[in-house]
Amino acid sequence: MSGFRLGKSLVIAIDGPSGSGKSSVSREVARRFRAAYLDTGAMYRAVTLHCLATGVDLEDRAAVEAAARSLDLFVSTSPDRESVTVDGADVTAAIREPGVSASVSAVATTLGARAELIRRQRALIAGAGHRIVAEGRDITTVVAPDAEVRILLTASEEARLRRRGDQLGGTQSEAQLKRQVTDRDARDSTVVDFRQAADGVVTLDSSDLDFEQTVAAVVRIVRTVAN
Ligand code: DC
């Protein structure tokens, strides 16, 4: 599998709501195809953390856009090394804190900040030689609509709440999880539609699939669609 489409472009775009299993599945699919991996949500989170840490008012759209534009941001594109830095400081763990999850929609719904991050995401995809799994909310539709493979990974609300809860080690109450998953998706989907598959995008429902089965299903789709 690692030699699949070597020397040719293989951009695998995966969108979906929070808790759909996108990140872990995308990372593993990248390993199997010896491709790079881009977590675009990490970039929205890094801008959010920076704004919170430096006192940028998240309601001030111009200020949020300016922060996104000037941010010294590094995101690893290796599926084997999760690393995000801002101004050289490691924020890999900090961007996953519930406080960031609770505020990140303010950045995600600031169109000027989106435009800047989309530009950086396209540059990272090009920098990886167009052999990459990129995941987020608008990869199949906006960032890489010409990707060889475009998948919308969905799961029932119940499965998504359970997965996000497990991911956070059972530290969150049901109400907190609902705020971080369901309410956040509702806010985010006012600017990007990641609930309905666009034309040409394959929907994969992982509600009844375990991790291995979901990876295998994505691999099958890639091999079928990009052959
Ligand atoms: O996938 P995640 O939970 O780490 O994403 C964090 C936030 O970033 C989420 O609230 C939606 C937003 N996001 C986005 O708007 N577009 C993307 N391509 C990726 C994430």
- Query: Is at least one residue of the stretch 51-62 closer than 24 Å to residue 192 by Cα, within 13 Å of the ligand (Cβ to nearest atom) and in contact with a strand residue (DSSP E or B) (Cβ under 6 Å, 6 or more places away or on another chain)?
  - Reply: no
- Item | Residue list for the stretch 100-139, restricted to those being more than 10 Å from the ligand (Cβ to nearest atom), closer than 25 Å to residue 78 by Cβ and either assigned to a helix (DSSP H, G or I) or at pLDDT below 95 (or both) | 116, 119, 120, 122, 123, 124, 125, 126, 127
- Message: Considering only residues that are free of Cβ contacts under 8 Å to residues at least 40 places away in the same chain, of a type in the set (S, T, N, Q) and either surrounded by fewer than 14 Cβ atoms within 10 Å (Cβ to Cβ) or out of contact with any Ser or Thr (no Cβ under 7 Å at 6 or more places or on another chain) (or both), which ones fall in the stretch 43-84?
- Response: 54, 70, 83
- Give me a count of the residues in the stretch 30-42 that are within 15 Å of residue 219 (Cβ to Cβ), among the small types (Gly, Ala, Ser) and part of a helix (DSSP H, G or I). 1
- When you look at residue 76, is it within 14 Å of the chain's Cα centre (by Cα), of a type in the set (Ser, Thr, Tyr) and more than 11 Å from the ligand (Cβ to nearest atom), yes or no? yes
- Within the stretch 23-36, can one find any residue that is touching a residue at least 12 places away in the same chain (Cβ under 8 Å), within 21 Å of residue 102 (Cβ to Cβ), within 9 Å of the ligand (Cβ to nearest atom) and buried (at least 24 other Cβ atoms within 10 Å of the Cβ)? no
- Task: Specify the residue that is farthest from residue 220 (Cα to Cα); the eligible residues are those in the stretch 140-164 that are polar (S, T, N, Q) and not in a helix (DSSP H, G or I).
- Result: 156
- Query: Among 27, 45, which is the only one that is touching a Lys or Arg at 6+ places or on another chain (Cβ under 8 Å) and in a helix (DSSP H, G or I)?
  - Reply: 45
- Please give the helices (runs of 4 or more DSSP H) falling wholly within the stretch 165-227 in which 2 or more residues are under 17 Å from the mean Cα position of the chain (by Cα). 184-188, 211-225
- Residue among 86, 47 that is more than 21 Å from residue 180 (Cα to Cα) and either away from the ligand (no atom under 13 Å from the Cβ) or under 18 Å from the mean Cα position of the chain (by Cα) (or both): 86
- Task: Please go through the stretch 50-83 and pick out each residue that is more than 24 Å from residue 180 (Cβ to Cβ) and β-branched (Val, Ile, Thr).
- Result: 77
- Query: Among the residues of the stretch 143-170, how many are within 15 Å of the ligand (Cβ to nearest atom), at pLDDT 95 or above and either of a type in the set (D, E, K, R) or surrounded by fewer than 18 Cβ atoms within 10 Å (Cβ to Cβ) (or both)?
  - Reply: 2
- Message: So, in the stretch 88-99, exactly how many residues are at pLDDT 95 or above, surrounded by fewer than 17 Cβ atoms within 10 Å (Cβ to Cβ) and either part of a loop (DSSP other than H, G, I, E, B) or of a type in the set (A, V, I, L, M, F, W, C) (or both)?
- Response: 4
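The values are calculated or read from the model by the stated rules, or taken from the named source; none is laboratory data. Here the structure is a predicted model, which is why all the values come from computation and not from measurement. Glycine gets a Cβ as well: all are built from the backbone with ideal geometry, and neighbour counts include every protein chain shown.
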